[in-house]
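The values are calculated or read from the model by the stated rules, or taken from the named source; none is laboratory data. Here the structure is a predicted model, which means the values were calculated and not measured. Cβ sites come from the backbone with ideal geometry, for glycine too, and all protein chains shown count toward neighbours. Just so you know, the surface numbers come from the protein's heavy atoms only, side chains and all, with ligands and any DNA or RNA stripped out. Shrake-Rupley method; radii C 1.70, N 1.55, O 1.52, S 1.80 Å.
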Amino acid sequence: MTGRYGRYALLRAAQAVIVILLAYVLTFLVISVLPGDPITNTLRDPQNGLSEDEIQQIVAHYGLDKQAIIQLFLSLGRFVTGDLGFSLQSNLPVAQLLGDSLPSTLALAGTALLLAVVFAVVIAYGAQYLPGRVAPGLLRSVPSLFLSVPNFVIGLVLIELFAFRLHAFTIIDPDSAVATFFAALTLAIPVSAPLAEILIANLDHESRQEYVLVARSRGLTKTRLFARHLVKPSMLPAVAMVALIVGELLGGAVITETIFGRDGIGTLVQKAVTSQDVPVLQAVVSLAAVVFVVVNLAADLVSPLLDPRLQPDRAAARTEPGVVVPA
Amino acid sequence: MTANLALLRPTGIPRAVRRAATGVPPTVLLAALVLVGVLLWSVAPGVFTSFDPVTGNTAEKLLAPSAAHWFGTDYLGRDLFARVVYGTASSVTSALVAVLIGLVLGSAIGLASGFLRGWVDTVLGRVVDVLLAIPGFLLAVVIVSSLGFQTINAAIATGVSAIAVFARLMRAETLRARGSVFVEASYLQGGNRLHALLRHVLPNAYRSVVALAVLQFGTSILVIASLAFLGYGDPPPASDWGLLVASGKAYATAPWLVYAPALVIVATVLSVNRISNWMRKAK
Amino acid sequence: MTAIAPHPLKPFLTGSSTLLSVDGLSVAYGDTTVVHDVSFTLGRGESLALIGESGSGKSTIAKSVLRLLPHGETSVTGRIRLGGRDLLALPEKQFRPLRGRTLGYIPQDPSAALNPVRTIGSQAHEAAALTGERDADKRRALILAVFDTVGLPDPVRVYNSYPHQLSGGMLQRVLIGLTVLPRPALIVADEPTSALDVTIQKLILDLLTDLRQEHGISLLLITHDLAIAAERTESLVVLKDGVVHESGSSARVFADPRSDYARTLQADVPALNPDRYCSQRAAEAQPAETSGRAQIEVRNVSKRFRVGGTEIAAVDGVSFAVGRGKTHALVGESGSGKTTAVRLLLGLEQPDSGEIAVAGETVHGTSRAELRTLRRHLQLVYQNPFTSLDPTWRVRRIVREPLDRFRIGAQADRAQRVREAIAAVGLPESALSRRPTNLSGGQRQRVAIARALVSRPDVLVLDEPTSALDVTVQADILELLARLQRELGLTYLVVSHDLALVRQIADTVSVLQRGRVVEDGAVEQIFARPQHPYTRALLDAIPQPTGLPRPALGQRTPGRPTLGQPAQPLFTH
């Protein structure tokens, strides 16, 4: 497994690093090159109460008086060495802000991911195996419905219903287990839809394959057929989707955390946008890109281990006459 | 033969007949009807309501839905239905702008990538990777915060964040069409690369890309509504759908202020998704 | 064969000599009935073939017997009795014990018949469990033994492999072994060899016949190939559009078909009628032959590809020549290099060494202008008309494409030439405004031929031109090609795996194996006195039904009158 797989892994890892750096550059460009100069605007905002000296100091520290391209390299250099800078808003180190917000968001996104996977599997299984026409048909339209309801509407409805009417939780304590569950539910519903869609499509596809007929012709029951034959091939392609889903969760966290009043990465973004806190924004987006790229890399590296068809060096020589040649 | 045999099943004649008669499933017709309604709202809102969306009668504030005020009234006594109808144009147009940006730029990238291959593919592939690596909504938020809080900027931001999706699909479709036997056949008939690209590859790739564009129209409505909800669109008295929900949530005693515009969003996006699904399957 | 254990359900099947009886079977998908009132019986230990082309309902009947039709989409009426019990009336719970143990199934495409993400061994245990053996180690021993019985060289390696690591022939051996392992009373085999190379086909059919006879297993064989059916089974049921057209003993139906359709089928099987197109081809202009100028000359051409780090010679020092107005065939199985040879000739690939000359001029195939000239001389008809025509274009535009691209004739002339080409291939003018999706396979191939002909090339390269088509459609296309050759003086280069077909249409032949020409010469000579063992293997693979002598060389079998459109006036040159 070492030779070709090792080279493949190295190549993918190198690509991942490049993508992270490019993502940083892109964010930098979006923030500094697009019209408007958020940093100096914020610095000079009288509400910040910074003296001209302090402003000059900050400008010098970040090299804001230099050309954009030099600023970019300075900034990139600080990013590579792990210096995320200071929040313009609170003057705290950005790294500390991220560290404070991360646990809450991890709890939220982790629960949501779990819920989304459970929803997707239940929907896909039901759509395939519930008896009759009506129930599977309805389940098949659920992902489309989930994709049509804005995240903030789900959140508001859940709060209205479970916090205000049923008193299952209170929004005064947004980090309680029950509140976290409902916030995660808000986040999970739209995220589960594409996952359910791909599972349904894969199950449909695999069920039509000849090997399923052969297995049925040997008397396998539906449940055994599902467990032994269908689960693995229909779930494997979904592994490649996990990074996209994690990205969706991070994006969705902005709205969900704002609605539920949680102090997480999402709220941090929301506040940073409102106050044009560039270092925070830059850091959060870079963090999201790192998370995406790492998860994606992990999925890419794990897939060949799980799916024998993707293994590079296991194709054994065929012994019967006829060498396979590309046409 | 016994009844418990799964092979035996009455044939669905009425359904088949209905389908054969129109060629279009009834739910798709309903979805199309909803979209036509929404389009008419955005083109000629005045036809659908006699109320003014901006000025209200404070004596009639926070009224529940009734025959006079279908969606009730808000804290300034403005007719909510009128505000929804007048907010349609902005919500729909911005979603269209977003789709157009994603479609044009994404397709161009995907087409160049898939057709030219080589270093072009490598470079554009990394660009798309980067766009994919930043979660779409986060990217939209950053762009709109840099451009300024306006609905048109929200639309641009949403469009940019959709480029990667279009580029990936277009590249895949281009590669598929490019490797097909009929494109090789076209070379044998004296066709050159440009001819193959314009006459064979594009027409074959176009169908699934259009289906994605329709789907993306729905997604864009949601993303722009979310940005408006966070206050990153035009400020009041504009009445974008997301903004209506956001300002409605402050009044716990008047839940229709949230539910009515929310329902309009859901109905619209659901209809768009239904049509996109149908287009994909009709292929 | 010790690997195959007797099993407890056997006694259930003793009794009368009839094992399977199908009585008044009709099957409908939704509102479309695909099988109409079909009846037949199959005796214990006997074999029966269901013969028909695509859409004949033969596979549907097989799946009805196996109860493998999709749930909820089909309605099945009639009776299917196995050992006296009505299979359709059994609840699934009582039917399931019969699956695998009494009723075995061998599918069409072995490469799709095993789960791609599980090892062959783990799937084999599902079959081995049907013997009633509970101990996993003993099951493994049974599996390895049966792998050995079916001629798999390294049973342990096969056991540990994933399906994609084995060739189609090996996989079909695995499947046959696993199907026979529980010793079923009946095996339903659905086109068990049509996805395999011809020489492997024969080996697999031999294996199936041996095992079946050894263990007294009945066989229900589904096939489109009349010759295979007649060679391998005792009785036949000929189906068309879900209706039985004829049934009876294989030898009788084969020697003396009574229904029109069975007669047509019989006349269209290349293996049975080697001289089918002789009358057409006899009229070829003889003088052209004596001009001595070869239209195509390929001299010592080689081409290597890198596959996963190792170099493979796809074409290795291949030479052949084709005279004007003649038909030359390149014969070989997958991997023989025949397709690569054609691609080199057409300039789609560049040879590493060697020379290619078309119409006396050496082709370097590097400049665009030269390729354009080359391709005006030389046109290709692809194997699969379902992929070679752009689905978004209408027929008119497809056929016109070469005229527009090569800028042949004035605008008005082009439309006229398109109409002529369409008429020449026997399609009505109304076809011009259709899209390929609205045409049948045979019609599509006619469109592809029209497109190749419209620029009036001298040479047509035919890459397995009929292998994607039904046998009667095949015959129509071959007839069309023979007529076009005669009337237009075309030179053909045919690529095929089917020697029987080559025998019908070619004058000379090169037999390729692993990129090398192992034998070449006139068709009659190769057939009468094959020198190379590979050629002999290919010839042996042509099914030879018992009880019917193979038509002697030179013996004329009268050709069936041309179906479809009467011959159209050809190009108005």
Taking region B:92-136 and keeping residues over 18 Å from B:A205 (Cα atoms) and of a type in the set (S, T, N, Q) leaves B:T93, B:S94, B:T122
In region B:65-90, anything assigned to a loop (DSSP other than H, G, I, E, B) and either open to solvent by 50 Å² or more (accessible area, probe 1.4 Å) or modelled with pLDDT of 85 or more (or both) is listed as B:P65, B:S66, B:A67, B:A68, B:W70, B:F71, B:Y75, B:L76, B:R78
Being in contact (Cβ under 8 Å) with a residue 40 or more places away in the chain, assigned by TED's automatic domain parsing to the domain that holds C:T466, over 25 Å from the mean Cα position of the chain (by Cα) and open to solvent by 10 Å² or more (accessible area, probe 1.4 Å) is the requirement here; does C:A321 meet it? no
Exactly one of C:V150, C:V146, C:V117 is over 30 Å from C:V27 (Cα atoms) and at the interface with chain A (Cβ under 7 Å from one of its Cβ atoms), and that residue is C:V117
Of the residues in region C:31-62 that are farther than 24 Å from C:A262 by Cβ and within 12 Å of chain B (Cβ to nearest Cβ), the one that is modelled with the lowest pLDDT is C:D31
Checking B:A252, B:A205, B:A262, B:A267 in turn, the sole residue that is crowded, with 24+ Cβ neighbours inside 10 Å and at the interface with chain A (Cβ under 10 Å from one of its Cβ atoms) turns out to be B:A262
Note: among A:A135, A:A177, A:A112, just one is in contact with a Leu (Cβ under 9 Å, 6 or more places away or on another chain) and either within 14 Å of chain B (Cβ to nearest Cβ) or open to solvent by 20 Å² or more (accessible area, probe 1.4 Å) (or both), namely A:A112
Pairing a residue in region A:196-215 that is farther than 17 Å from A:P136 by Cβ with any residue that is open to solvent by 20 Å² or more (accessible area, probe 1.4 Å) and small (G, A, S), where Cβ atoms lie under 8 Å and the two sit 6 or more apart in sequence or on different chains, gives A:Q209/C:A112; A:E210/C:A112; A:Y211/C:A112
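This table checks each residue for (1) of a type in the set (A, V, I, L, M); (2) in the same structural domain as C:I217 (by TED's automatic domain parsing); (3) more than 32 Å from the chain's Cα centre (by Cα); (4) assigned to a strand (DSSP E or B).
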site: C:I61; (1), (2), (3), (4): yes, yes, no, no
site: C:S64; (1), (2), (3), (4): no, yes, no, no
site: C:P70; (1), (2), (3), (4): no, yes, no, no
site: C:S75; (1), (2), (3), (4): no, yes, no, yes
site: C:L88; (1), (2), (3), (4): yes, yes, yes, no
site: C:K93; (1), (2), (3), (4): no, yes, yes, no
site: C:R96; (1), (2), (3), (4): no, yes, yes, no
site: C:Y105; (1), (2), (3), (4): no, yes, no, yes
Going through region C:331-388 in order, the residues found to be more than 25 Å from C:V454 (Cβ to Cβ), part of a strand (DSSP E or B), open to solvent by 20 Å² or more (accessible area, probe 1.4 Å) and in contact with a helix residue (DSSP H, G or I) (Cβ under 9 Å, 6 or more places away or on another chain) are C:G354
Of (1) assigned to a loop (DSSP other than H, G, I, E, B); (2) exposed (fewer than 14 other Cβ atoms within 10 Å of the Cβ), B:L62 satisfies every one except (2)
**OP:** Return yes when C:R397 is out of contact with any helix residue (DSSP H, G or I) (no Cβ under 8 Å at 6 or more places or on another chain), in a helix (DSSP H, G or I) and outside the structural domain of C:L484 (by TED's automatic domain parsing) and no when it is not.
**Re:** yes
| said: For region A:12-30, check the following and say yes or no: at least one residue is open to solvent by 90 Å² or more (accessible area, probe 1.4 Å) and either at pLDDT below 75 or in a helix (DSSP H, G or I) (or both). | reply: no
Is region C:19-30 home to any residue that is surrounded by 19 or more Cβ atoms within 10 Å (Cβ to Cβ), within 10 Å of another protein chain (Cβ to nearest Cβ), under 30 Å from the mean Cα position of the chain (by Cα) and modelled with pLDDT of 90 or more?
yes
Of the candidates C:R446, C:R514, C:R451, C:R434, the one satisfying the condition of being more than 16 Å from the chain's Cα centre (by Cα), of a type in the set (K, R) and modelled with pLDDT under 90 is C:R514
Margin query: Going by what's in this entry, would C:I449 be described as touching a strand residue (DSSP E or B) at 6+ places or on another chain (Cβ under 8 Å), open to solvent by less than 10 Å² (accessible area, probe 1.4 Å), outside the structural domain of C:V301 (by TED's automatic domain parsing) and more than 30 Å from C:E311 (Cα to Cα)?
Written below: yes
Those residues of region C:122-143 that are in a helix (DSSP H, G or I) and within 13 Å of chain A (Cβ to nearest Cβ) come to a total of 10
Taking region B:209-234 and keeping only residues that are open to solvent by 20 Å² or more (accessible area, probe 1.4 Å), over 22 Å from A:I259 (Cβ atoms) and not β-branched (V, I, T), one is left with B:L212, B:L215, B:Q216, B:F217
Here the qualifying pairs (Cβ atoms under 7 Å; residues six or more apart or on different chains; first in region C:92-117 and open to solvent by 60 Å² or more (accessible area, probe 1.4 Å); second in a strand (DSSP E or B)) come out as C:Q108/C:D190
